[in-house]
Amino acid sequence: MGLITLSEVKPGLKLGNDVHTVRGNVLFQKGKVILPKDVEVLRAFMIHQIDIEQERVGTNGAGTKAVASTNGEKNGDQTGKGSIAVSSPAVSSLHEEYEKMVGLTRSAFQSSLAAELPVYELRTQLEALFVHLKQYNVLTFSPRVMQEHDYVYHHAVLSAMTSYQLAQWIELPSKDWMQVAFAGLFHDIGNSKVDPQILHKPTALTASEQEEIRQHTKYGYQVLKQAKAINEGARLAALQHHEKVDGSGYPLQLSGTQIHIYAKIVAIADIFHAMTLEKIYRKAQSPYLVLEQIKSEAFGKLDPAIVNVFIQRSTQIHNGIRVKLSNNQIGEIIFSDRDHPTRPMVSVEGTIINLMQQRQLYIQEVIG
């Protein structure tokens, strides 16, 4: 059909070319079938005309053009970057392998002071877990069951999963991926040598207690030095994951390139899951607000290049999923600006809310 005006746009038409915003972002990709809600999005972005490939796709028995709904379009796969819609068996398998991993990690951590870490068994279970990594989404995944005192084990496994994925996203060689996962899994293992009363204290720590907590980085390195099949990078991640690129971290006040790449990856995963996992004395925080805090930490604290990849990749497939805003309204993400991915546009009962403009609002929870 070629170019048509916005007034001529009807659901069921197929795009012949990408549709761009005035800022150059891709709003919809070539080949996308226009859905009813997309017409409102086009209007909101003041798109005056689009290029149509063909009039409609598919026909029904009466000869009327029709479009079959698919999971991808139902979940808003508008950017061509994939949808998080998955089958129940796949999600179930991910959770089953995750729960096995948590149980094995609990046993390994509890025995780490008395016996050698069962690295081979942990690796085997990590491999079984990573078979289902395509079903894992860092912003939406949460444990099905989490006992109060199992936080440390969930945090370890989630950090391993996210670190493994982030290693892939920043294109580290594949030989590093499992070692990065070990780095995430074991980064806090030194806490096993810290006084539990200090470690789990719900109130503010004294200066001496804070210093004892900080020793977990050195304790962790010592524990991992005795472990087989773990490389030096994974050990250094335990020692260095609280170092900051500006030299303000601990325990050695390292900066910039002095910090191992594994430690830089794990630092991001550690912060994200520490803030988004439920604790006994603190509620889980909004993953989008946590991403914003991590972004602010990129200025002098975390590696900005890795942070940028983490935020871009973790948010890019969220067009179409349902979210709860901080005012308790339920809506659907319809567009994420690549420059402000934590502040997308959300459609609530037909009204488009631009979170970049309405800064008092934010995404409280990803519903899926």
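A few remarks follow.
- Charge-dipole axis of the chain as Lys and Arg at +1 and Asp and Glu at -1 on Cβ define it, positive-most pick from 185, 168, 280: 168
- When only the Cβ of Lys, Arg, Asp and Glu is charged (+1, +1, -1, -1), the dipole of segment 194-299 relative to its Cα centre reaches about 240 debye.
- Selected from 223, 307, 39 as most flexible by GNM, with the chain as the system and alpha-carbon contacts under 10 Å: 39
- Across 10/30; 37/134; 283/324; 279/301, pairs whose alpha-carbon gap is larger than 19 Å: 37/134; 279/301
- The charge dipole of segment 120-182, taken about its Cα centre with unit charges on the Cβ atoms of Lys, Arg (+1), Asp and Glu (-1) only, comes to about 160 debye.
- Per-residue [θ]222 nm for the chain (sum of -39500 (n - 2.57) over DSSP H runs n ≥ 4, rounded to 500): -12500 deg cm²/dmol
- With 5 Å bins from 0: P(r) over segment 231-319, alpha-carbon pairs, percent: 3, 15, 23, 22, 18, 13, 5, 1, 0
- Within segment 220-292, the chymotrypsin sites (Phe, Trp or Tyr not before Pro) that combine a DSSP coil assignment with at most 10 other C-beta atoms in a 10 angstrom radius are 281.
- For the chain, with +1 on Lys and Arg beta carbons and -1 on Asp and Glu, the positive-most of 158, 49, 335 along the dipole: 49
- Based on Cα atoms of segment 265-368, Rg over Rh with Rh as the Kirkwood radius reads 0.97.
- Based on the Kirkwood approach, the hydrodynamic radius assigned to the chain is 22.4 Å, with every pair of different Cα atoms included.
- The rule of thumb for compact globular proteins, 2.2 N^0.38 Å, goes into the C-alpha radius of gyration of segment 144-257 1.12 times.
- When the trypsin sites (Lys or Arg not before Pro) in segment 158-231 are filtered for DSSP coil states and for at most 14 other beta-carbon atoms within 10 Å of their beta-carbon, the remaining sites are 228.
- Accessible area, probe 1.4 Å, largest first, for residues 217, 257, 124: 257, 124, 217
- Only Lys, Arg, Asp and Glu carry charge here, each on its Cβ (+1 for the first two, -1 for the last two); on that basis the chain has a dipole of about 280 debye about its Cα centre.
- When the chain is described by a simple charge dipole with +1 on each Lys and Arg Cβ and -1 on each Asp and Glu Cβ, the residue from 21, 314, 363 located farthest towards its positive end is 21.
- 15 Å beta-carbon shell around residue 125, net charge (K/R +1, D/E -1): -2
The values are calculated or read from the model by the stated rules, or taken from the named source; none is laboratory data. Keep in mind it's a predicted model, so treat the numbers as computed, not measured. All Cβ positions, glycine included, derive from the backbone under ideal geometry; neighbour counts span all protein chains shown. Please note that ligands, DNA and RNA were not included when accessible areas were found on the heavy atoms of the full protein model with its side chains. Shrake-Rupley method; radii C 1.70, N 1.55, O 1.52, S 1.80 Å.
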